[in-house]
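Peer 1: Starting off with a structure, shown below.
Please treat every number below as a calculation from the coordinates, not as lab data. What you see is a predicted model; the values in this text were computed from it and never measured. All Cβ positions, even for glycine, are placed from backbone atoms using ideal geometry, and neighbour counts span all protein chains on display.
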Amino acid sequence: MNNVLQHDLEAQYEALTASLRHEIVTHSLMSNVTTMKQLELNELIKMAKSSYIPDLLELATKVEKVDAAVCTLTLGMYGLCADCEEEIETEDLIKDPAQARCRSCRAHSRYHHDE
Ligand SMILES: [Zn+2]
């Protein structure tokens with residue numbers, strides 16, 4: 001797989017998790033920074049989502065998506081569609097390295113779930 005994309009994705013992951021932690025502190029969802037640093041990312045995501053603060057919710061959703069893409073890297077499944085396992089169009093991955101679905105599955109899910 002393309003190393004540039006992988007690098008982009010990892011950079012996004014670092015930046016997004018850092019801002020998620022930062023936002024959680026800013027919104028005082030957690031006052032103890034030391035405790036927060038020991039929390040797993042998925043717990044931070046859960047916390048951010050249950051806060052009902054729109055900015056945090058949006059950030060948590062992005063982190064979740066990028067985290068899922070990083071997982072596929074680890075599994076050696078990066079760049080494959082989460083639904084049909086076909087290769088995702090390279091152009092689309094360049095635009096959004098965390099893209100999880102190919103064009104046809106995305107068109108399909110937009111139609112069904114109004115995403
Ligand atoms: Zn697909």
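Peer 1: Name the residue, out of Tyr52, Tyr78, Tyr13, whose mean-square fluctuation peaks in a Gaussian network model built on the chain with Cα pairs under 10 Å.
Peer 2: Of the options given, Tyr52 has the highest mean-square fluctuation.
Peer 1: Additional query: Treating the angle as unsigned and between 0 and 90°, give the value, to the nearest 10°, between the Cα long axis of helix 3-26 and the longest Cα principal axis of the chain.
Peer 2: 30
Peer 1: Moving on. How high is the FRET efficiency between Val25 and Lys95 when r is their beta carbon distance and R₀ equals 35 Å, given to the nearest 0.05?
Peer 2: E(calc), rounded to 0.05, equals 0.65.
Peer 1: Please list the non-local residues whose amide H lies under 5 Å from the amide H of Leu80, H modeled 1.01 Å from N, same-chain partners needing a gap of 5 or more.
Peer 2: Close amide H contacts, sequence-distant or interchain: Ile88.
Peer 1: Which residue, chosen from Met77, Leu93, Ile45, occupies the Cα position most advanced towards the positive end of the dipole of the stretch 25-115, where the dipole is computed from +1 (Lys, Arg) and -1 (Asp, Glu) charges on Cβ about the Cα centre?
Peer 2: Among Met77, Leu93, Ile45, the one farthest towards the positive end of the dipole of the stretch 25-115 is Ile45.
Peer 1: How high is the FRET efficiency from Glu40 to Cys84, r the C-beta distance, R0 30 Å, rounded to 0.05?
Peer 2: On the way: r = 30 Å, r/R0 = 1.00.
In this case the efficiency is close to 0.50.
Peer 1: Here is a further query. For the stretch 3-113, give the magnitude of the charge dipole about the Cα centre (Cβ charges: +1 Lys/Arg, -1 Asp/Glu; no others), in debye to the nearest 20.
Peer 2: Numbers: 11 positive and 18 negative charges, 80 e Å.
With Lys and Arg at +1 and Asp and Glu at -1, about 380 debye.
Peer 1: Volume per residue, Å³, of the convex hull around the alpha-carbon atoms of the chain?
Peer 2: Working: hull volume 12.6 nm³, N = 115.
Measuring per residue, one finds 109 Å³ for the Cα hull of the chain.
Peer 1: Something else: Below 8 Å between Cα atoms, with a sequence gap of 6+, how large is the relative contact order for the chain in percent? The partial results should precede the final answer.
Peer 2: Numbers: 101 pairs, mean separation 28.7, N = 115.
Averaging sequence separation for qualifying contacts and normalising by length gives 25 percent for the chain.
Peer 1: Cut-off under 18 Å on the C-alpha distance; same-chain residues fewer than 8 positions from Lys95 excluded. Which lysines are left, in chain and number order?
Peer 2: Lys62, Lys65
Peer 1: Suppose each label sits 7 Å from its Cα in the direction of the beta carbon; what would the Ala11-Ala68 distance come out to in nanometres?
Peer 2: My value for the distance between the label points is 2.4 nm.
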